[in-house]
2 protein chains.
Amino acid sequence: MKIKYNLLHKDGNARYGTLETNYGIYETPMFMPVGTQATVKTLDPRDIKEIGSAVILSNTYHLWLRPGEDIVNKAGGLHKFMNYDGPILTDCGGFQVFSLIKNKKKDITEEGVIFKSHLNGERLLLTPEKSIQIQNKLDSDIAMSFDECIPYPASYDYAKESTERTIRWAKRGKDVFNNERQSLFGIVQGGEYEDLRYWCAKELVKMDFDGYSIGGTSVGEDKDTMYKMVEYAIKYLPQDKPRYLMGVGEPTDLFEGVSRGVDMFDCVLPTRLARHGHAFTLDGKINLKNYKYRADFSPVDSECDCYCCKNFTKAYIRHLIIANETLGQKLLSIHNLRFLIRIMENIRVSIKNDKFMEYKDEFINRYKSEK
Amino acid sequence: MKIKYNLLHKDGNARYGTLETNYGIYETPMFMPVGTQATVKTLDPRDIKEIGSAVILSNTYHLWLRPGEDIVNKAGGLHKFMNYDGPILTDCGGFQVFSLIKNKKKDITEEGVIFKSHLNGERLLLTPEKSIQIQNKLDSDIAMSFDECIPYPASYDYAKESTERTIRWAKRGKDVFNNERQSLFGIVQGGEYEDLRYWCAKELVKMDFDGYSIGGTSVGEDKDTMYKMVEYAIKYLPQDKPRYLMGVGEPTDLFEGVSRGVDMFDCVLPTRLARHGHAFTLDGKINLKNYKYRADFSPVDSECDCYCCKNFTKAYIRHLIIANETLGQKLLSIHNLRFLIRIMENIRVSIKNDKFMEYKDEFINRYKSEK
């Protein structure tokens, strides 16, 4: 089935709703853990469920290159391949093509993007049709249109040319899209330019996608610019479709996104931070490698309900991280993901109670207070 | 409490029994997973329980260097530090001192061993007293006497000198041992020489340890020599105490050890193989990186009941291993450990039914048949 978004309550621009999927109904706004290579790094599917995940994300670019979409398809699709019975969203591959290989030669043409594989240097062509065909085969629940992720800063002329192409690419992808149980999102680009974001949103909405992503953020712009990009894009999106802000996962950014009407977020930040020994707490991020934690037998976050915080101490996790034991990375990944998922749970309650702005201020004031 | 071994049935020299510990009663023979740095690599404590582990092992040398026995002691001991509520055995550090640093300068004196830390090159002295004091602080359930692991091959004269020293070291360690709830094993050395093994066993038994280890195997000798070393050592050990063959974990070696009267085994092999993408099956070891598994959607071992085999395919695990995702290493670690633990479960049943030798032949014939 196609996903269905139900807007149930608004508090300012913040939206509380539900998303009906092939794998159940989930509340929004939500944070989606990233499972780049068909695995949320260091976690098994039981861990993913236990932290309260709804949708998880996987990367088309990575799965295309390895193991290949045909292998995943033969396995019965991504859910069966990785043994995950919850909704999965795949991105379009555009972001990876434009960022992973930014230092190497790539050619953008009307046809698509020619670039070199980060694995073996092979020359590859990714087109809007190919991206959709790969995602159709991966059989995720939500697919993304192929877009160009505009660098920041970009001139108005470049952004305009690129946005026009992204709209043409969205149309081409939609035309070949062929998977009954999969939904397709359009991606609003336009850089930092309000008229381009507006125009892109309007054109995509005409094509009637199942949801809309806001792309081209977190590519180097300052926070105020990012928030403006979100505002520009979202103003022209319909209320009855979900809005997904791609690649955003700093705790404060989740609040800023929700306050502007975003329903879905994803980011590698919580798992990447974990692998480097960093943990979110309500007072800000902490670095478990710090010497001061060597005999600290309190939990990473005494206010957290996750498996890590309920069972292990800072001293033990510090030991694991320093000894390069993957259990340390796993426990912090569980905590960091649960931390963001709990924030979203609290945000949903606050919206329903018309207290979102109070909760936002309270969170941000405390989170920022840490030095 | 001190551990208590109960011999319940013999089938030839194979022994079925129980081991009463601070954390419950477990059946023997048993295989003990290795948690070198206070973590069984890639597994969390729930995984360890789920695969049916009884005693697990941790390494005194590693914990001494990092995080240090005082940190572990302040945490409330190793069980609390790593949040594991099952019995834990610690080795004495001797094997690591003699093997990890075999290419660097070390000095063996009557006092102990002077060597350089593998972490930072610091000069350290490990003595029998120090080893026991560290283990007392770690508060494992079973501690080991400090011994010299004799290299193979070794001259009779060297083996004799070393074995005499190991006996003196055992006595010195026993004299300073001070932990009411911890048991202490003596380690039978003697190299490949029957009279030295006999003499060492006899001297240690006089000191009345809570159990006896057979040391100095798996250090380069051929299989027949190893089995002889076990026979020489075990002949003179009492029936009412457990016998532990250190560092042995090849499936066929478990059978050979049990057939000679061994009750406890440990080895890093199952988890190390897993991290390199190898898995045990009843037909022998397989390498999941092999191209032929790329679209093989059957379990690693269709006769296994572990979380890995019940939920994931060879194709998925191959993908994870090749993509260097730790979930692949974890799933294979679970399987390989469960594989050895299940062998021991089957061995125990076969001993109770006086069918151990039939089971041994059946297993070894099939396991060896694989090329």
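Kindly provide the Kirkwood hydrodynamic radius of the range A:1-136 in Å, to one decimal, from all pairs of distinct alpha carbon atoms.
On the way: mean 1/r = 0.0603 Å⁻¹.
About 16.6 Å for the range A:1-136.
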Legend entry - Gap separating the Cα centres of the range B:36-95 and the range A:23-40, nearest whole Å: 34
Inset, instruction - Considering the options B:19, B:9, B:119, tell which one lies farthest towards the positive end of the dipole of the range B:4-267, charges being +1 on Lys and Arg and -1 on Asp and Glu at the Cβ, about the Cα centre. - result: B:119
Legend entry - Least to most buried among A:188, B:258 (fewest other Cβ within 10 Å first): B:258, A:188
Inset, instruction - Please label the shape of chain A as rounded, prolate or oblate, based on the square roots a ≥ b ≥ c of the eigenvalues of the alpha-carbon gyration tensor (a/c under 1.5 means rounded; beyond that, a/b larger than b/c means prolate, else oblate). - result: prolate
Legend entry - Percent breakdown of C-alpha pair distances by 20 Å bin, ordered from the shortest bin, for the protein assembly as shown: 16, 42, 28, 13, 1
Inset, instruction - Determine, from the Cβ-Cβ distance of residue B:118 and residue A:123 and an R0 of 60 Å, the FRET efficiency 1/(1 + (r/R0)^6), rounded to the nearest 0.05. - result: 0.85
Inset, instruction - At most 12 other Cβ atoms within 10 Å and a DSSP loop assignment: could you name the trypsin sites (Lys or Arg not before Pro) in the range A:58-141 that fit? - result: A:102, A:104, A:105
Inset, instruction - Give the long-range amide H neighbours of residue A:213: residues separated by 5 or more places, or on another chain, with amide H under 5 Å away, using H modelled in the peptide plane at 1.01 Å from N. - result: A:186, A:187, A:188, A:244
Inset, instruction - Tabulate in residue order the Karplus-calculated ³J(HN,Hα) for the range A:23-28, using 6.51 cos²θ - 1.76 cosθ + 1.60 with θ = phi - 60°, rounded to whole Hz; enter x for Gly and Pro. - result: 10, x, 9, 10, 7, 10
Inset, instruction - Please arrange A:276, B:118, B:278 by counting, for each residue, the other beta carbons lying within 10 Å of its beta carbon, fewest first. - result: A:276, B:118, B:278
Inset, instruction - Amide H neighbours of residue A:32 under 5 Å, at least 5 residues apart or on other chains, H built in the peptide plane: list them. - result: A:265, A:266, A:267
Legend entry - Interchain or long-range residues, amide H under 5 Å from residue B:68's placed H: none
Legend entry - Debye intensity ratio I(q)/I(0), log10, the range B:47-86, q values 0.29, 0.34 Å⁻¹ (C-alpha model): -0.99, -1.13
Legend entry - Candidate lysines - alpha carbon under 21 Å from residue A:223, same-chain residues fewer than 8 apart omitted: A:235, A:285, A:360, A:368, A:371
Legend entry - Global size of the range B:250-371 as Cα Rg and Dmax, reported in angstrom: 14.8, 47
Legend entry - Inter-label distance, nm, simple model (7 Å from Cα along the C-beta direction), residue B:303/residue A:354: 6.8
Inset, instruction - Just rank B:200, B:308, fewest to most, by other beta-carbon atoms within 10 angstrom. - result: B:308, B:200
Inset, instruction - For the range B:81-96, take each phi angle, set θ = phi - 60°, evaluate the Karplus expression 6.51 cos²θ - 1.76 cosθ + 1.60, and give the result in whole Hz per residue in order, putting x for glycine and proline. - result: 4, 9, 6, 10, 9, x, x, 10, 10, 10, 7, 9, x, x, 4, 5
Legend entry - Max mean-square fluctuation residue, GNM over chain B, Cα-Cα springs under 10 Å, options B:79, B:335, B:319: B:319
Inset, instruction - Report, for the range A:12-161, the % of DSSP beta bridges that are antiparallel, rounded to 5. - result: 70
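Every read-out reported here was derived from the displayed coordinates using simple, explicitly stated rules and does not represent laboratory data. From a predicted model like this one, the values you see are computed outputs, not experimental measurements. Cβ coordinates were reconstructed from backbone atoms using ideal geometry, including for glycine residues, and neighbour counts include every protein chain displayed.
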